[in-house]
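Presented below is the structure to which this report refers.
Every number here is computed from the coordinates shown, using simple stated rules; none is lab data. Note that the coordinates shown come from a computational prediction; the quantities given were computed from them, not determined experimentally. Virtual Cβ from ideal backbone geometry, glycine too; neighbours counted across all protein chains shown.
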Amino acid sequence: MTVLFPRSDTFTIQLRLYHANKTHYPTDVGHLLNSLMPSKSSYWVPVVVHQDPALHYTDIQYGVKGYPFFTNFWEEYRKKFTAVWGRYYDDRYQEDRMFCDTGDQIWKSTVEGTDYSDDDDIYNYSRTCVYGFDQMTVYWRDGVKPPDLGFAVKTELPIWTIPINGHYYAANDRSYTMLDIDPSRAIDTPTTPTIDNQGLYFSETPDWPVPSVTQPLDAHRADIEAVELHWQGRRVRLMKPALDKRNPEQWIWRQWYLDYWDNCVDEHWCVFDKQLFPAYIQLT
Amino acid sequence: MGSINTFQLRLFHRSHHLVQDVGKLLNLLFGEREWSHYVPVVLKQNPILGYTDIQYGVKWGPIIDEMMDQYNRFFRAAWARYNFDGQIPDTIFSHTDMGESQSVTCYYGFDHLTVRWHEGFKPPDLGFPTEKHNQVWSIPLKGRYAAYNSRCDLSLDGRSLMNTPTTAVHECGGEMMDVWKDCFHHVPSLAQFEDYKPHLEALEFRWNGRLVRVMKPKLRRFSEKREFEWSQWYLDHWDNCVDEAWLAFNGLTF
C-alpha cells in the first residue's frame, strides 16, 4: 500500500531532555510523550525513546505538524528536567535547526542576535544546526583513473580515504510518508531509517562541506560512485551522483543525512553538555 | 521495591501505518501506575523492518492482552522476553491472533568464543579448534545458553558498565549459581574452563561479530579462601535470540 501524503509543516523533532536528578529520572514515559506531542500523537514520524540514566538524559524523536510547543511539558516536568535541547527538521526550510529551552522562559535562547518579534515561530528562536565529520571517503566508479586533486589521500583504488575535519548543514528528515514507496532507498540512522532527499531539496547543488576541498569533486561526479562523510568511524552522510529523472541531461546529488547528537558540533550545546557532565562514565 | 521484571517487547506491524498515540500505548503496557518500574524505557518504531521494540519494567508479570486487544488493527503479533528479578533465566512467549503461547526458557546463540588467558600462564589444550595468538584464543564455536538480561537501572554507577543494544548493564555475579549447569548445559565442553578461573582474564561470546556475553573470574568477597566466582555481563537482544518458535516465526534457522 502506498501512502502519498501532501507533506508540509512536518517537523521531525529530536529532543535531548536532561535529567535533573540522576537517580530519580522520570519513568512515566507515556505521560511524558503525551505532554510533548500535540493531540498526544506523533505526526508522520516514527517515535523513538532512549532513556539512559547512566548518561543523564532521555532522547526522544517524534513528529509534529506546525510548531512544537513545550508549555504542557514544562508545567508537568518542571522539577524533573533541567533543559530541553532540540534539533528539528522542518520541511518548509532546508536545514536542521537547533534550540535550547530551560523552562525559565519559553525559548530562553542561547542564540545570539535572536529576533523575538514573532513569538509563534520556533524558527526565530533557533539557529542552523552544525554537524561534524572527520573523514571523507570517495568511491570511484570501476575503470576510472581518479584525477589528482591535490588531497592528502590514502588511496586504495578505487577508494580514497581523506582525513579531513569539517562541518556542514543537513536535512535530517525522519518522516516515513515516503518510506513505503521504495524501501530499498532507505538507510539506517541511529534512530529510524531515512531515504535520500532527492526531489525535495538539494536536488541540484550539494551544500558542499569544506568547499575548497570538496567542490573539485563536483566536476568529476560522472566518475564517482559515492562520497561518504564519517565521524569517529560512523557514516554520517552519503552522497551519490545521479542523473535527474525529470531532466536526464542534469546531474544531481542524492543525499542521505544520517546525523545524530554524536556528531552535532553546535558550539553552545557542546559547552552545555560538557559543563554539566564533565565526567562521563566511560562505557566499555 | 518488590520484584522487577525487565521486559523486552517486539510488536510486529500489520501494515505501514504506525501507532501514533504512543504515550497511550505505553501507559497500557505499564499497568495501573503508568510508569516503568526501575527499568529505563527504550522504544523504537521501525516502519522499514515492520516492528516496534519496547523495553520497560513491570512489577508483576507482563500483561499485554489488553494492549493487543486495543491495538489489534496495528499489530499482528507480539513477542516478549522477560527477566524476573535476575533470579530466573530469561523467558519468552508470543501473543498472536492464535492466542498466547506458553512461557519457556529463552536461549541465545553465539558463534564465536574468545578466551583471554593471564600473561605468563601457559594455556592447556582443551580440545577446541583454536586459533592461538599468544594469550588470546579465538574459537569458532556455535552454541546456545540461557541468560539473565536484567536492565534494571539500580547500581548504574560504577565503572563496570557495558553497552547493550538497549541500555548499559552492570556486572552480575556473586550468586551461588553453577553457570555451566544453569546456562551452558547445551555446550558441556565449556565447563572445562571452571578449573582455570585463576588463570583466565575473560571469556567473550560473540554472535555475528557482536559481543553478547562476557564472563570474568573475580575473587569472591568476604571469603577467607582464595576463591573465584564469575562476574557476568548479559548483552543479549533479539538478534541472537534462538528460541525455536521465534526462529520459525521469522523464517530463520540456527
Legend entry - Whole-percent pair-distance distribution, where bins are 10 Å wide, for the alpha carbons of the protein assembly as shown: 3, 16, 24, 25, 20, 10, 2, 0, 0
Inset, instruction - State, to one decimal in nm, how far the label point of A:Ser39 lies from the label point of A:Lys154, with both points 7 Å from Cα in the Cβ direction. - result: 5.1
Inset, instruction - Treat each spin label as a single point 7 Å out from the Cα along the C-beta direction, and report the A:Arg141 to A:Tyr93 distance in nm. - result: 3.7
Legend entry - Estimated vicinal HN-Hα couplings, Hz - the stretch B:241-246 in sequence order (Karplus 6.51, -1.76, 1.60; Gly, Pro = x): 6, 10, 4, 4, 5, 4
Legend entry - Test item: Cα-centred dipole of the stretch B:1-75, Lys/Arg +1 and Asp/Glu -1 on Cβ, debye: 180
Inset, instruction - Kindly put A:Trp261, A:Trp231 in sequence by how many other C-beta atoms sit within 10 Å of each C-beta, fewest to most. - result: A:Trp261, A:Trp231
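Using only the C-alpha atoms of the stretch B:54-104, find the volume of their convex hull and express it per residue in Å³. Intermediate results must be reported in sequence, preceding the final value.
Details: hull volume 4.1 nm³, N = 51.
Dividing the Cα hull volume of the stretch B:54-104 by its residues yields 80 Å³.
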Legend entry - Spin-label model distance (nm) - B:Ser160 vs A:Arg78, 7 Å beyond Cα toward Cβ: 4.2
Legend entry - Peptide B:161-173 - average C-beta neighbours from other chains (10 Å radius): 2
Legend entry - Residue among A:Gly66, A:Ser184, B:Tyr82 farthest towards the positive dipole end of the protein assembly as shown, charges placed on Cβ: B:Tyr82
Inset, instruction - Can you figure out the FRET efficiency of B:Thr114 with B:Lys59, using R₀ = 35 Å and their beta-carbon distance, to the nearest 0.05? - result: 0.40
Inset, instruction - Would you mind calculating the relative contact order of the stretch B:1-81 from Cα pairs under 8 angstrom and at least 6 residues apart, reporting the percent as a whole number? - result: 49
Legend entry - Highest-first arrangement of B:69-81, A:148-160, where packing means the average Cβ count within 10 Å: B:69-81, A:148-160
Legend entry - Theoretical FRET efficiency, 1/(1+(r/R0)^6), r = Cβ-Cβ of B:Leu252 and B:Asn134, R0 41 Å, to 0.05: 0.65
Legend entry - Cα-based Rg / Dmax (Å) for the stretch B:172-254: 15.2, 52
Legend entry - Note, ³J(HN,Hα) from phi for the stretch A:33-49, Karplus 6.51, -1.76, 1.60, rounded to Hz, x at Gly and Pro: 4, 4, 6, 8, 8, x, 6, 6, 9, 7, 9, 6, 10, x, 8, 10, 10
Inset, instruction - Output ³J(HN,Hα) for the stretch A:129-134: one whole-Hz value per residue in order, computed from phi by the Karplus curve 6.51 cos²θ - 1.76 cosθ + 1.60 with θ = phi - 60°, and x for Gly and Pro. - result: 7, 10, 10, x, 9, 10
Inset, instruction - May I ask you to derive the relative contact order of chain B, considering only C-alpha pairs under 8 Å and at least 6 residues apart, and to give it as an integer percent? - result: 18
Inset, instruction - Under 14 Å from the Cβ of B:Leu141, count the other residues' Cβ atoms, weight Lys and Arg +1, Asp and Glu -1, and hand me the total. - result: +1
Inset, instruction - Only Lys, Arg, Asp and Glu count, each charged at its Cβ (+1, +1, -1, -1), so figure out the dipole size of the protein assembly as shown about its Cα centre, rounded to 20 debye. - result: 940
Inset, instruction - Determine, from the Cβ-Cβ distance of B:Ser103 and B:Ser15 and an R0 of 30 Å, the FRET efficiency 1/(1 + (r/R0)^6), rounded to the nearest 0.05. - result: 0.55
